[in-house]
Structure formats: structure tokens, C-alpha cells
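**Student:** Below is the structure I would like to discuss, written out as C-alpha cells.
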Amino acid sequence: MSAVLDLPLGGLGNIDLAELTERAGLLTRVDRKYVLPRSELVEVLADLDPGVRVLDIDGVRSSAYESVYFDTPELTSFLMAAHPRRRRFKIRTRTYVDSAQSYLEVKTRGGRGVTVKDRLPYGIDDRDTLTSEGRRYTDTVLDEAEIRGAEGQELVPTLTTRYLRTTLFVPESSSRATIDTGLSWTAAPTGAGPLGLDRPHLAIVETKSGSRPSAVDRILWAHGHRPASISKYGTGMAALRADLPGNKWAPVLRRFFR
């Protein structure tokens, strides 16, 4: 996967990871996601305020990501999202391929729709397994968040996603936005359908801010794009496996994945 991203961001300044974390390091936030063709993304980016800055790590502005998602054999995490439960969880390892760093992440959503992400440094060679330490950490986070459904059950890898990510810092709201391209999904073998899916012509833009929309949201709205119900895990599983429910993501699945 190439780390070169052909997006018109050359006129924007850089921000390093330390400053981005200090100024927009929200782990509790409201996420708004948008799915759009790469061709339409160019027009959106052209309207960004010149003060918006791009995350730069050692001269690289787009980084390769890999995420491995874990679920119970009955796909409890997936089904909590597919049949929307106000309180639900998601478990994954996230690997920053360029820097060879991995984390175990547990995302929980409470009654008010706010996402909380807890993370633990993780061995890169263990990224497709849940170690005993990782399982203890996962159980602790879920227990403290009062999220039920995984206790006493095996957690196994079910889906791997890969993509390139560019991160923007939005000074107006001290928030961030991400742009994911080069999107691909690979499901664990089940015999229920195709195992891999690539969507090079798509982009997923995600704004991560407090309760108020950011300037990036308003630009997207001005260009006719509205938040979409999409989850890299949930939508990917539903797209790859015809035996799974996908009604929650039906508009996105029809337009972009089928």
C-alpha cells in the first residue's frame, strides 16, 4: 500500500503528533462519518480554511493503518451495532504500519451516544490475537463501562481493515478530522461469501469533535454530503457476508458496496 496520497493539501501547514494530541486529543467525542467518491472529495478540501493543518510524521502526511477486529463466535459486537443498542462495544488492535506500533483499543458507547476509546500499547506480533493481558484489559474496560455481552466468551479475530489516513487539525474548534482512502476489508474464512473487498474510489471522512459540528462538517454539508451510518467493522462484515443483517447500513451498502 502506497503512502502517497494525491489530495490537494499542499497549501496547508503541518502539525506534529505531540501538538495535535495536546490541542485535539479528545478520546471522548462525537464522531460524524461521511462516505463520498474520491472525485468529490477534492472539491470539499478546496474549501478548507487556510489555517487548517495536516498531521506530518517524519515528512509523511498519509499513514498506512491496519485494524484487526475481535468478536465472539456469535458476533455479539457486530449484532449490537446491526440491531442498534445504545450501549455497545468494539474491540480491535490498531497498527500504525509506518512506525510499527500497535495498540489494543476498546471502544464503548454509552446512553448519550458518546464514544469513549481506551487503548493499551500492544506487541505488533500479537496484533491478530488477544493475549491474556489483552483479555484482562478488555474485560476491565467493559466492566467499568457496564457493557455486557463478552464476559465468559471467546474473542476471535473476525475482520481486518487496511487504509491510508490523513489527519487534519481544525483550529476553529480545536478538533480533528480524518480522511481514509485506499480502503480494503478481509474477513475471516467462513464459506459464507467473498473474503476480500477493495474500494479504491471511495473516501471516508470522519470528524471528531465535541457536540457542536466543526468547520469541516459545515463544508461537507455545503457540498451536499450528510453524515452516513457506516462502521468499518459493521458495514464491512455486512458487505462481505450475505448471511448477516445489514439494514442499518443499507443506503451506504447499496450505493457504495454492492
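The values are calculated or read from the model by the stated rules, or taken from the named source; none is laboratory data. Please read these numbers as outputs of a predicted model, since none were measured by experiment. Quick reminder, even Gly has a Cβ in these numbers, built from the backbone with ideal geometry, and neighbours come from all protein chains shown. The accessibility values were calculated without ligands, DNA or RNA, using every heavy atom of the protein model including side chains. Shrake-Rupley method; radii C 1.70, N 1.55, O 1.52, S 1.80 Å.
**Student:** Residue check: is I147 touching a Lys or Arg at 6+ places or on another chain (Cβ under 7 Å), part of a loop (DSSP other than H, G, I, E, B) and either open to solvent by less than 50 Å² (accessible area, probe 1.4 Å) or not hydrophobic (A, V, I, L, M, F, W, C) (or both)?
**Tutor:** Against the criterion (touching a Lys or Arg at 6+ places or on another chain (Cβ under 7 Å), part of a loop (DSSP other than H, G, I, E, B) and either open to solvent by less than 50 Å² (accessible area, probe 1.4 Å) or not hydrophobic (A, V, I, L, M, F, W, C) (or both)), I147 qualifies.
**Student:** Looking only at segment 186-244, filter to residues that are assigned to a strand (DSSP E or B) and open to solvent by 40 Å² or more (accessible area, probe 1.4 Å); which one of those is nearest to R85 (Cα to Cα)?
**Tutor:** Per the criteria, the residue is T186.
**Student:** Determine which member of the set T95, T138, T115 is of a type outside the set (A, V, I, L, M), open to solvent by less than 30 Å² (accessible area, probe 1.4 Å) and modelled with pLDDT under 90. Give the derivation first.
**Tutor:** Details: T95 fails: modelled with pLDDT under 90; T138 fails: modelled with pLDDT under 90.
Just a single option satisfies the conditions, and that option is T115.
**Student:** Scan segment 245-256 for residues that are surrounded by 18 or more Cβ atoms within 10 Å (Cβ to Cβ) and either at positive phi or in a helix (DSSP H, G or I) (or both) and jot them down.
**Tutor:** K248, W249, V252, F256 - these are the residues of segment 245-256 that are surrounded by 18 or more Cβ atoms within 10 Å (Cβ to Cβ) and either at positive phi or in a helix (DSSP H, G or I) (or both).
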